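Here is the structure we will look at, set down as structure tokens.
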Amino acid sequence: MTGGLLKPLTFLSAGLLLAISVGLPQSASAAGRVAGQTVFANDTVMLRSDALMLSDLFSGLPAEKDARVGDAPLPGEDLVVRAGTLERLAEAHGIDWSPSSGRVRVIVEREGRTVPLQLVRTAIEERLVEDYIADRVEVDITNRRLTMMVPSDMEPEVKVESLDYNSRNQRFAALISVPIGNEKSLRAKVQGEVHAVIEVPVLNRHASPGETIRENDIVWTDMQARRSNHNTVTSADQIVGMSVRRPISAGRVIRRTDVVPIRLIRKGDLVTMVFSTSMMTLTLRGQALEDGARRDSIRVKNLSSGKTVVGSVTDAGIVSVAGPRIAMN
């Protein structure tokens with residue numbers, strides 16, 4: 001729980017304004033009586049609602065004596081009701097109770113759930129795209145202590161009330177609000193940086209050296225454009241059909257140097273040279289004069305004519321050549 005600046009309690013029944021502050025550890029509780037029942041001051045109480053009731057502070061209190069005495073702390077926060085305040089409350093509500101010492105106090109805590117920072121980032125990113133930027137973006141929040149909490153039974157919701165964006169230094173300043181119920185909201189100022197985002201292919205599984213990457217191994221993820229470089233794989237064509245050179249973890253951004261082409265043809269292999277048009281397909285036997293991976297251009301010897309031609313590797317043992325005369329000569 002957090003301390004900080006605590007809102008004073010307003011006691012509606014007695015019309016009193018009592019200050020709540022952190023007291024010393026409690027050495028003993030105190031007891032009193034109401035209608036023959038023994039009343040004790042509680043040690044610690046956890047609230048789920050936004051109301052602080054008299055029964056939250058005292059146990060053994062008859063139902064007809066219960067009353068709202070103030071506001072609960074904000075979600076995730078706490079306050080301490082000290083002996084003097086407890087005694088004035090008891091007197092105002094007709095409870096025969098007095099503290100055994102000035103060290104008696106009740107710690108009041110409020111259940112809460114943290115608003116995820118990703119929810120804040122998403123709200124700001126959507127507002128940036130709506131008002132300022134056509135491309136997809138990602139923001140980094142630079143507030144070091146941005147923590148907001150909502151009641152434990154509420155789903156967090158972030159609203160961007162205002163936002164300023166400086167396109168020259170790619171920075172933003174926003175005012176956000178988070179509803180906490182009963183038409184109340186928490187507000188906070190948020191600052192940060194804006195980064196362009198690109199989509200890159202990553203693997204959906206771990207891949208070991210020597211494995212071949214298939215199209216169904218690929219999923220897509222976002223990354224900040226500033227974190228990419230010439231070695232970053234940015235399209236599926238750059239890795240599909242390639243052999244893994246070093247281990248690649250699932251979801252990790254892939255580098256071009258992580259993969260190598262698979263040699264479909266080795267020097268000396270017998271290959272089929274293919275020339276295709278819409279009207280015909282011509283095939284001839286040849287011998288590879290050098291290694292080749294898919295889409296590599298390699299030299300091939302026509303076994304019929306003894307001439308050398310250049311073709312593109314399309315599959316294992318298959319080389320596509322440019323024209324029938326070239327293939328035949």
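The values are calculated or read from the model by the stated rules, or taken from the named source; none is laboratory data. Everything numeric in this text was worked out from a predicted model, so none of it was measured. Note: ideal-geometry Cβ built from the backbone for every residue, glycine included; neighbour counts use all protein chains shown. Remember, those area values only see protein heavy atoms, side chains included, never the ligands or the DNA or RNA. Shrake-Rupley method; radii C 1.70, N 1.55, O 1.52, S 1.80 Å.
Determine, yes or no, whether Val137 is farther than 30 Å from Phe40 by Cβ and without any contact (Cβ under 8 Å) to a residue 60 or more places away in the chain. Explain how you work it out, then say what you get.
Values: farther than 30 Å from Phe40 by Cβ: yes; without any contact (Cβ under 8 Å) to a residue 60 or more places away in the chain: no.
The answer is no for Val137.
Quick check, is Ser235 closer than 30 Å to Val219 by Cβ, open to solvent by 20 Å² or more (accessible area, probe 1.4 Å) and touching a Pro at 6+ places or on another chain (Cβ under 9 Å)? Reasoning before the result, please.
Working: closer than 30 Å to Val219 by Cβ: yes; open to solvent by 20 Å² or more (accessible area, probe 1.4 Å): yes; touching a Pro at 6+ places or on another chain (Cβ under 9 Å): yes.
Yes: the conditions hold for Ser235.
How about the stretch 128-156: which of its residues are under 17 Å from Pro116 (Cα atoms), open to solvent by 50 Å² or more (accessible area, probe 1.4 Å), outside any strand (DSSP E or B) and touching a strand residue (DSSP E or B) at 6+ places or on another chain (Cβ under 6 Å)?
Passing the criteria: only Thr142.
Just need a number here: residues in the stretch 157-178 that are open to solvent by 30 Å² or more (accessible area, probe 1.4 Å) and either part of a strand (DSSP E or B) or in contact with a strand residue (DSSP E or B) (Cβ under 9 Å, 6 or more places away or on another chain) (or both).
Our first condition is that a residue be open to solvent by 30 Å² or more (accessible area, probe 1.4 Å); within the stretch 157-178, this holds for 157, 159, 161-162, 164-171, 173, 175.
Checking which are either part of a strand (DSSP E or B) or in contact with a strand residue (DSSP E or B) (Cβ under 9 Å, 6 or more places away or on another chain) (or both) leaves us with 157, 159, 161-162, 164-167, 169-171, 173, 175.
Selection size over the stretch 157-178: 13.
Anything in the stretch 293-317 that is farther than 27 Å from Asp237 by Cα, of a type in the set (S, T, N, Q) and open to solvent by less than 90 Å² (accessible area, probe 1.4 Å)? List them, or say none.
Asn302, Ser305, Thr308
Please determine, by comparing only the residues of the stretch 127-154 that are within 24 Å of Glu183 (Cβ to Cβ) and under 16 Å from the mean Cα position of the chain (by Cα), which one is modelled with the highest pLDDT. First the steps, then the outcome.
Filtering the stretch 127-154 for residues within 24 Å of Glu183 (Cβ to Cβ) gives 127, 146-154.
Checking the rest, the ones that are also under 16 Å from the mean Cα position of the chain (by Cα) come to 146-148.
Values: Leu146: 90, Thr147: 91, Met148: 94.
Per the criteria, the residue is Met148.
Considering only the stretch 62-104, state which residues are of a type in the set (A, V, I, L, M) and open to solvent by less than 30 Å² (accessible area, probe 1.4 Å).
Within the stretch 62-104, Ala67, Val69, Ala72, Leu79, Val80, Val81, Ala83, Leu86, Leu89, Ala90, Ile95, Val104 meet the criteria.
Go through Ala250, Ala236 for me and flag whichever is under 16 Å from Val202 (Cβ atoms) and in contact (Cβ under 8 Å) with a residue 40 or more places away in the chain. If you could, list the steps in order and put the result at the bottom.
Details: Ala236 fails: in contact (Cβ under 8 Å) with a residue 40 or more places away in the chain.
It is Ala250.
Identify the residue in the stretch 267-296 that is under 28 Å from Ile218 (Cα atoms) and not acidic (Asp, Glu) and, among all such residues, is modelled with the highest pLDDT. Before you say what the answer is, go through the steps one by one.
Step one: filter the stretch 267-296 for residues under 28 Å from Ile218 (Cα atoms), giving 291-296.
In the following step, the residues that additionally are not acidic (Asp, Glu) were identified as 292-295.
Numbers: Gly292: 92, Ala293: 88, Arg294: 84, Arg295: 84.
Per the stated criteria, the residue is Gly292.
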